[in-house]
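First the structure, in the form of structure tokens, and then the observations on it.
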Amino acid sequence: MMDEDFKPKVQSALAAEQPIDCKFSYVSNDDAEAMLYLLNFLLDEVKRPYMKDPVGFFVREFITNANKSNLKRVHFQTLGLDMNDSETYYEGMKTFARDFHDKLDVYRKDVEKYQLYTAVQYFLKDNVLIITVKNSGLPTLQESVRAQTLIEKSKAIHDVAEAFLTLGDTTEGAGLGMVSAMLMLRSLGLDEKAFRFLADRQNKETVVRVHIPLDTVLESQIEEISGMILDGIESLPAFPEKLSRLQNMLSDEKVDFSKVAILIQSDVALTSELLRIVNSAQYMLAQKVSNISNAVSLVGIKGLRNLLLSYGAQKILNNHFGEMDAMWEHAFRCASYAYYIARDYNLKDLSGDAYIGGILHDIGKIIIRHKYMKLDEKLSAYCNEKGIEANLLESLMMGASHARIGAEMARKWDFPDQIVIAIGFHHKPLLCQEEFKTLVALVYLADALTKVRNNKFVFSKVESSVLAQFNLKSRKEAVELEARLNSYYQQQKSKASE
Ligand SMILES: [Fe+2]
Ligand SMILES: [Fe+2]
């Protein structure tokens, strides 16, 4: 394989979107190296050299597993034990670790004798690289359970060191390989959903498969780019002076509302914003309020503080980065959803913060888009060098970096902790500190439900613990909740524009 004859074949397979198949009985080290060499060539061909390490890791890991799985079958055959019987399975596994080393040469020959095999396939289709590694024999129940357990466990593991500490079961090796593979997926910006462990009943094979979209941007690259953008935050505009003054006044519990009203009235835009909010469906007033003093006392200290935050942030962002209607439309919808979910689920105390969290959750996107449009020299040089293409903006927007950047900005503007956290964790609701979990879950769920409107809502992608928290047991229930939220939102909108 190490001769170069394979290259034109690979090139034409890539051009025709045809799979590249290789089949081995026992995969020797040389065979494995050849498969990696082939993979590296392929990744160079599609201009993704930076994927060699993480993707190569999978290939190596899964070939090793497939080999081992075949040897295991030989081992059971030799002992005359049934792999599919759970009692004899454990019995056979006790001696496998030892025999696997001691009898490797004999077992290898037996792999050939019994015509067991490992097959590797690289398949590039629609810009997705699909890697499949198969071995002979259906997985046993224990093997399937183990694979699923490791995938599940890996979700809570952040790095290899943690994996060492967490993984207890060592009967078949600590499962480090599998967990590391999942960590590797994450470094590719993917998650365990890109990975499949399957039983092919027809061909009686154990199959592992990973789907890697080539337009994935590596986590490390995102980190680096986010860092460059964060550097730029230092030069962001300060919070408007008048709004800061109001904030300070409101931090005093015994504030004189008439003074607050006077200060608000001196700003026409702020006045109309306040009236708009007070008169929206949120406050369910019988009559329209047009008097600022009344509005101020209706909204209360906390309400006013929240109003100033969101109003100030919008103002700065629109002034400096241009209006982005679609984004604000999404933000207001999300805010309204978060607010009404809080009310519907007896979390009224959180409704105000949920609303503001909803308005502000994606502010990081504004900064990213702006930076991206300007693509300063440093950033574009970096992207050119790494061969990162048009999908970068998308990756930054979709991933957690806009949350981080948004939170950083909110912190710079001295927003209260719960708002900074709501912004920072709105895509990772399970990772935030306990104290703010419910608020973050509200914003997260609201954000997820806004996707129903554009058919991008995927029930299975929503964190199951959040769904459980809001008692949503099926996609149907989630969609019904969204329909209710949407009608509140429409009412609120029409009332505000009356
Ligand atoms: Fe977001
Ligand atoms: Fe969002």
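The values are calculated or read from the model by the stated rules, or taken from the named source; none is laboratory data. Keep in mind it's a predicted model, so treat the numbers as computed, not measured. No Cβ is skipped: glycine too gets one built from the backbone with ideal geometry, and neighbour counts run over all protein chains shown. Heavy atoms of the whole protein, side chains included, go into the accessibility calculation; ligands, DNA and RNA do not. Shrake-Rupley method; radii C 1.70, N 1.55, O 1.52, S 1.80 Å.
Below, the figures for the structure above:
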quantity	calculated
Alpha-carbon centroids, the stretch 65-130 and the stretch 331-358: separation in whole Å	54 Å
Accessible area of the stretch 443-498 belonging to carbon and sulfur atoms, whole % at 1.4 Å probe	49 percent
Ordering of 83-89, 117-123 by burial proxy (mean other Cβ atoms within 10 Å per residue, highest first)	117-123, 83-89
Mean separation of Cα contacts under 8 Å (6+ apart) over length of the stretch 6-213, as relative contact order %	24 percent
Stretchable slack from residue 40 to residue 113, in nm (0.36 nm times residue separation minus alpha-carbon distance)	23.1 nm
Restraint check, 125/193; 23/94; 302/428; 9/109; 365/456, Cα-Cα greater than 24 Å	23/94; 302/428; 9/109
Prolate/oblate/rounded label for the stretch 6-213 (Cα gyration tensor, a/c 1.5)	oblate
Ranked packing of 54-63, 353-362, 479-488, most packed first, by mean Cβ within 10 Å	353-362, 54-63, 479-488
Computed lengthening from residue 326 to residue 459, 0.36 nm per intervening residue step minus Cα-Cα distance	45.5 nm
Total charge dipole magnitude, the stretch 6-213, about the Cα centre, Cβ charges on Lys, Arg, Asp, Glu only, Debye to nearest 20	420 debye
Partner aspartates and glutamates for residue 155 [C-alpha distance under 12 Å; skip if fewer than 8 residues away on the same chain]	191, 192, 463
Calculated from backbone phi, Karplus (6.51, -1.76, 1.60) coupling profile of the stretch 197-206 in Hz, x at Gly/Pro	10, 10, 10, 8, 5, 5, 8, 6, 9, 9
Peptides 188-201, 452-465 ordered by average Cβ neighbours within 10 Å, highest first	188-201, 452-465
Alpha-carbon Debye profile of the stretch 1-125, log10 I(q)/I(0) at 0.13 Å⁻¹	-0.62
